[in-house]
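The structure appears right after this line, and notes come after that.
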Amino acid sequence: MTDTPLISAIRPVVVHVTTRTNWVFVVVETGDGRSGVGEATLDGHEPQVLAEVAAAAQRLVGRPAIPVQGGLRPHPGAFAGMAHNAATSAIEQALWDLLGQRLGAPVSELLGGPGEGSVRLYANVNRAILGSRAPETFAAAARDAVAAGFDAVKVAPFDGLRWEPEQERPARALIDAGLARIGAVREAVGRDVDVLIDCHGRFNPRTATVVVREMEAIDPYWIEAPVSERDLEGWRRVRDSTSARLAGGEFLVGLEAHRRFIEATGVDVVMPDVKYCGGIGGLMAVAAVADSFGTAVAPHDPSGPVSAAATGHAALAAARPQIVEFAWGETPWRSEIVGGGESVEAGHLMLTRRPGLGLSLDEAFAAAHPFEETPVGPDLWER
């Protein structure tokens, strides 16, 4: 494509949202005066992400603005690898945005899907819970999300638990506290609303098989990450112990990792994240692999409006309907950062025929919410 404009700049825009969240956006500019945007949010690790964005800019400025997947790095527990993947994925999203703008078409249409439509969302209410972690606080957040039009809510109730702490007697109290939060949510929203439970890989397989059976009593839509996604044998053990729907895989990178996870664990729902799996193209590729196994896809996305748009366009173009995560209640000005371009109605992300991702980053608004350092810890980012 000889008429493809060249990348003239790649730069980050960091927006402080709450005491535990900064959104990291990446703007890609081209020589024809256009700019596209992607998202690379990785809570608590913003300096690493910014360093990777700067490194990518050195490699890519002057090259054609074509959305291709960059090299992803495996990251067994290393956030340095996650930062690289976040920066790479955000740039890929921005390049899709630019391509759609140049062609005058929404990204979903470029991917072979409809040019407009809606994508069902579930409200991750954990980000709206900044104070008390009492069961009634969880119940109130879930009730408010339902009142806002959502028919599915997700909670992460097992505070303080780590991978194998259950050999210690106090851990049973932490498990019981989590179960009480789940029960309160179910009672608050009733049986007609889907309740999703995120365990964040906090259990070992032995304990997970016990706790999953206890969670079955509230009829969950799914139980997410009962054990670490790196423990494939443990996942299979849990899978074989329950008929409950299991979901996971939010930090997997690359098609082979997703294929191996799906095949080895028998997971019902795989959860690629557009910010870490290689961007929009990466998400579409994972969906195709999952479809070949008959595995459902529900993209992970507890982040800002740009990654929601990128995820939504991929979900709209997918072969099978997908339900997508939405960080509900985190800030009242969420849509303002993209010029009011994000529209959520009755628990659905509404996508129109606006070209590209259909958003425009309001950098003046962003400048009024500059980066602030946030605490780092598993109970903060695992939500």
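Where helices (runs of 4 or more DSSP H) sit wholly within the range 127-220, those with at least 3 residues that are of a type in the set (Gly, Ala, Ser) and more than 23 Å from the chain's Cα centre (by Cα) occupy 170-189. Of all the criteria given as (1) of a type outside the set (A, V, I, L, M, F, W, C); (2) in contact with a Gly (Cβ under 9 Å, 6 or more places away or on another chain); (3) under 30 Å from Ala285 (Cβ atoms), the one not satisfied by Pro157 is (3).
Just one residue in the set Gly77, Gly62 is modelled with pLDDT of 95 or more, assigned to a loop (DSSP other than H, G, I, E, B) and at positive phi; that residue is Gly62. Residues of the range 263-282 that are farther than 10 Å from Glu250 by Cα and of a type in the set (Val, Ile, Thr): Thr265, Val267, Val269, Ile280. Of all the numbered requirements in (1) within 19 Å of Gly113 (Cα to Cα); (2) part of a loop (DSSP other than H, G, I, E, B); (3) of a type outside the set (S, T, N, Q); (4) over 19 Å from the mean Cα position of the chain (by Cα), Pro321 misses one, and that requirement is (4). Looking only at the range 243-268, residues that are open to solvent by 50 Å² or more (accessible area, probe 1.4 Å) and either more than 16 Å from Ser228 (Cβ to Cβ) or free of Cβ contacts under 8 Å to residues at least 12 places away in the same chain (or both) come to 7 in all. Determine, yes or no, whether Val227 is over 18 Å from Tyr122 (Cα atoms) and either among the polar types (S, T, N, Q) or touching a Ser or Thr at 6+ places or on another chain (Cβ under 8 Å) (or both). The answer is no for Val227. Screening Arg202 with (1) at pLDDT 95 or above; (2) crowded, with 19+ Cβ neighbours inside 10 Å gives one miss only, at (1).
Going through Thr311, Thr352 one at a time, which residue ends up being within 25 Å of Glu109 (Cβ to Cβ) and open to solvent by 50 Å² or more (accessible area, probe 1.4 Å)? Unique residue meeting the criteria: Thr352. Taken over the range 221-236, the criterion of being within 22 Å of Pro302 (Cβ to Cβ) and in a loop (DSSP other than H, G, I, E, B) is satisfied by Tyr221, Ala225, Pro226, Val227, Ser228, Glu229, Arg230. The set of residues in the range 326-340 that are hydroxyl-bearing (Ser, Thr, Tyr) and within 13 Å of Ala309 (Cα to Cα) contains only Ser335. Residues that are open to solvent by less than 20 Å² (accessible area, probe 1.4 Å) and not in a strand (DSSP E or B) within the range 15-42 comprise Ala40, Thr41, Leu42, listed in sequence order. Of all the criteria given as (1) within 27 Å of Trp222 (Cα to Cα); (2) surrounded by fewer than 19 Cβ atoms within 10 Å (Cβ to Cβ); (3) at pLDDT 95 or above, the one not satisfied by Ala105 is (1). Going through the range 15-45 one residue at a time, which ones are of a type in the set (Ser, Thr, Tyr) and farther than 15 Å from Glu363 by Cα? Listed by number, the residues that qualify are Thr18, Thr19, Thr21, Thr30, Thr41.
The values are calculated or read from the model by the stated rules, or taken from the named source; none is laboratory data. Just so we're clear, the structure is a prediction, and the values are computed from it rather than from any experiment. Counting neighbours? That spans all protein chains shown, and the Cβs are built from the backbone with ideal geometry, glycine included. Just the protein is used for accessible areas: all its heavy atoms, side chains included, with ligands, DNA and RNA removed. Shrake-Rupley method; radii C 1.70, N 1.55, O 1.52, S 1.80 Å.
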